[in-house]
Amino acid sequence: SNVGFDWDERSQVWDKVCEEIGEVAKEIDAMSQDRMEAEFGDLFFSLVNAARLYGVNPENALERTNQKFISRFNYVEAAAKKAGRNLKEMTLAEMDELWNEAKSIEQN
């Protein structure tokens, strides 16, 4: 970006992100592990670029999401245990219900 290799408008980055999502999907359909990895890398790079353009630190954003996931998953585990349930025996729908409880607690 220091030499002008950047978008004129930051909103233009979303076209690139969408393009990269399409390329990932194409390689997933082809089941080419090497190409999938390369295209996921391109997608991640585009998303990091978008974050930069909007003044968001991508490492901080990812760490926040990791912490949020850990907190919610810990809630799911604890709630299942409290109910005398084992996660491995629960359906995805049952776990998702606990996940949504964890989300609602966070938002309050």
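See the values below:
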{"quantity": "Matching residues, the range 6-53, being small (G, A, S) and surrounded by 15 or more Cβ atoms within 10 Å (Cβ to Cβ)", "calculated": "S46, A50, A51"}
{"quantity": "Set S11, S71, S1, S46: member being modelled with pLDDT under 90 and either under 30 Å from K103 (Cα atoms) or assigned to a helix (DSSP H, G or I) (or both)", "calculated": "S11"}
{"quantity": "Index of the failed condition, V56 passing every other in (1) over 29 Å from E101 (Cβ atoms); (2) of a type in the set (A, V, I, L, M, F, W, C); (3) loosely packed, with under 14 Cβ neighbours inside 10 Å", "calculated": "(1)"}
{"quantity": "Number of the condition not met by T65 [criteria: (1) among the hydroxyl-bearing types (S, T, Y); (2) assigned by TED's automatic domain parsing to the domain that holds E94; (3) within 21 Å of D8 (Cα to Cα)]", "calculated": "(3)"}
{"quantity": "Residues of the range 60-92 satisfying the condition of being of a type in the set (A, V, I, L, M), under 30 Å from L47 (Cα atoms) and surrounded by 12 or more Cβ atoms within 10 Å (Cβ to Cβ)", "calculated": "A61, L62, V76"}
{"quantity": "Qualifying positions in the range 93-108 - farther than 28 Å from W14 by Cα and either touching a strand residue (DSSP E or B) at 6+ places or on another chain (Cβ under 7 Å) or surrounded by 10 or more Cβ atoms within 10 Å (Cβ to Cβ) (or both)", "calculated": "E94, M95, D96, E97, L98, W99, N100, E101, A102, I105, E106"}
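The values are calculated or read from the model by the stated rules, or taken from the named source; none is laboratory data. In this text, all values refer to a predicted model and were calculated from it rather than measured experimentally. Virtual Cβ from ideal backbone geometry, glycine too; neighbours counted across all protein chains shown.
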